[in-house]
Number of protein chains: 2
Amino acid sequence: MTAIETAPPGAPAEGTRARVERAALDLFTLRGFEQVTTDEVADAAGISRRTFFRYFATKADAVWGDFAAHVTRLDELLAATDPAQPVLASVCAAYVEVNDYAVAELPLLRERMLLILTEPALLAHSQLRFAEVDRVVARHVAGRSGTAATDLVPRLVAATTRAAATTAFEAWLADERSALGTHLRQAFAELTAGFPGLLR
Amino acid sequence: MTAIETAPPGAPAEGTRARVERAALDLFTLRGFEQVTTDEVADAAGISRRTFFRYFATKADAVWGDFAAHVTRLDELLAATDPAQPVLASVCAAYVEVNDYAVAELPLLRERMLLILTEPALLAHSQLRFAEVDRVVARHVAGRSGTAATDLVPRLVAATTRAAATTAFEAWLADERSALGTHLRQAFAELTAGFPGLLR
DNA sequence: TGCCCCGTGGCACCCGGTGTCATTAGCCTC
DNA sequence: GAGGCTAATGACACCGGGTGCCACGGGGCA
């Protein structure tokens, strides 16, 4: 692996993070997350191992992109929902909207989510990232329903809607040609109606 | 840390695993999971670090006890449910029953679950163990509903009921004097009814 | 007595992650 | 234009989880 346009020290290093993400995604997809060392990723991105860990706190974080921004956007979408409609509907709508990606971004999203939901180490790590989402959702439900964010119902809504969203992602990944929004809407419909599909 | 009754090599080593579990649980609870090294756990249990990793594949596994047996029992309970009642009700009932612990076991369960749901590293690891549960549940739902275990609904039921159960566990841990079964039943009631508690 | 089996411990090694320090480039000021 | 500050980088040493390998030693068996 030879370095691609090695950045000089002290330089602005614009776009280094994105370059590392690409290198990591490529290698992980090609050979598997655990089979690739951080040394190899750093090398492919033209930086040192030490610098890799300055851009990403953990090896797993290189797969997630700017997830914090994603969570922030979900939070904003929740805050902007119509207070007249039921809370649960607001949460589902916000989930659908925050996952309404442009067509050009879909291949990257597929690559990321395929790794996250397929590789055991990344699946384990996902719990920590998704916990941030749960907190945001639970806080919103609590605010809207006049309860505490630590109460059962707000946390229940957060945990189950997130589980439903994750399952929808899995279904989307399994079907190359389907639309993510369709799976999300179907999953939320089943969930909010108490799984009527099981009463055949 | 001095060794407690060091087992001689070649000996049957009866009860060693249980002794290691106790030592691990004690140390993790006392000082935190990440702050305790496997060397210390092994030392406290009177074995070598190398032997620790023969009893437990990972440091986290020392907290889980015989979880595989737990999953097997859930599987059996699911198989024994009344086929006449709705599948979702069967799953919830099996969840409640598999978590109906004897009073004497509750302190140990509390200690385990508090660690698992509180320590980030253990929370991440839990996703891997819970995935086994999800597979069992999804398989049962698929069998009962005439669908494939990879379809959306079976996986949805597995993921959301498990999320509800985990949330119930959190509520139980937060309230020292409450009964686990109560939280589980309440969580499942909310879930299967589509969260009627939010329509105030 | 001699043999095999197997649980064990010791050792070296890999890899993820962290603290520390020296280097270097860009920039700002005098 | 020289000097000094800042920030990104890389090299190095170190820690801890996890693994492969081998040697030991006791119990059971022929």
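The values are calculated or read from the model by the stated rules, or taken from the named source; none is laboratory data. Since the structure is predicted, the reported quantities are computational estimates derived from the model, not experimental observations. A quick note on method: Cβ atoms are made from the backbone with ideal geometry, for glycine too, and the neighbour counts reach across all protein chains shown. Remember, those area values only see protein heavy atoms, side chains included, never the ligands or the DNA or RNA. Shrake-Rupley method; radii C 1.70, N 1.55, O 1.52, S 1.80 Å.
Please indicate, with yes or no, whether at least one residue in region B:39-61 is of a type in the set (D, E, K, R) and more than 16 Å from DNA strand C (Cβ to nearest atom). No, because not a single residue in region B:39-61 is of a type in the set (D, E, K, R) and more than 16 Å from DNA strand C (Cβ to nearest atom).
Evaluation of A:Thr58 against the conditions (1) part of a helix (DSSP H, G or I); (2) more than 9 Å from DNA strand D (Cβ to nearest atom) shows that the sole unmet condition is (1).
For the subset of region A:144-188 comprising residues that are open to solvent by 40 Å² or more (accessible area, probe 1.4 Å) and within 15 Å of A:Ala89 (Cα to Cα), which member is farthest from the other protein chains (Cβ to nearest Cβ)? If we take residues in region A:144-188 being open to solvent by 40 Å² or more (accessible area, probe 1.4 Å) and within 15 Å of A:Ala89 (Cα to Cα), then A:Arg185 is farthest from the other protein chains (Cβ to nearest Cβ).
Going residue by residue through region A:37-45, is there one that turns out to be more than 13 Å from DNA strand D (Cβ to nearest atom) and under 16 Å from A:Arg22 (Cβ atoms)? Within region A:37-45, one or more residues are more than 13 Å from DNA strand D (Cβ to nearest atom) and under 16 Å from A:Arg22 (Cβ atoms).
If the condition is being aliphatic (A, V, I, L, M) and buried (at least 18 other Cβ atoms within 10 Å of the Cβ), then region A:124-135 contributes A:Ala124, A:Val133.
In the condition set (1) more than 9 Å from chain B (Cβ to nearest Cβ); (2) over 19 Å from A:Gly181 (Cβ atoms), A:Pro107 is compliant with all but (2).
A count restricted to region B:94-114 and to residues that are free of Cβ contacts under 8 Å to residues at least 40 places away in the same chain and either not assigned by TED's automatic domain parsing to the domain that holds B:Asp75 or not in a helix (DSSP H, G or I) (or both) stands at 1. Within region B:22-38, restricting attention to residues that are within 14 Å of DNA strand C (Cβ to nearest atom) and under 24 Å from B:Pro107 (Cβ atoms), the residue that is surrounded by the most Cβ atoms within 10 Å (Cβ to Cβ) is B:Ala23.
Within region B:76-87, the set of residues being open to solvent by 50 Å² or more (accessible area, probe 1.4 Å) and assigned to a helix (DSSP H, G or I) comprises B:Glu76, B:Ala79. Summed over region A:79-94, residues that are within 14 Å of chain B (Cβ to nearest Cβ) and of a type in the set (A, V, I, L, M, F, W, C) total 6. Is it true that A:Val141 is among the β-branched types (Val, Ile, Thr), open to solvent by less than 10 Å² (accessible area, probe 1.4 Å) and closer than 20 Å to B:Ala189 by Cα? In short, yes.
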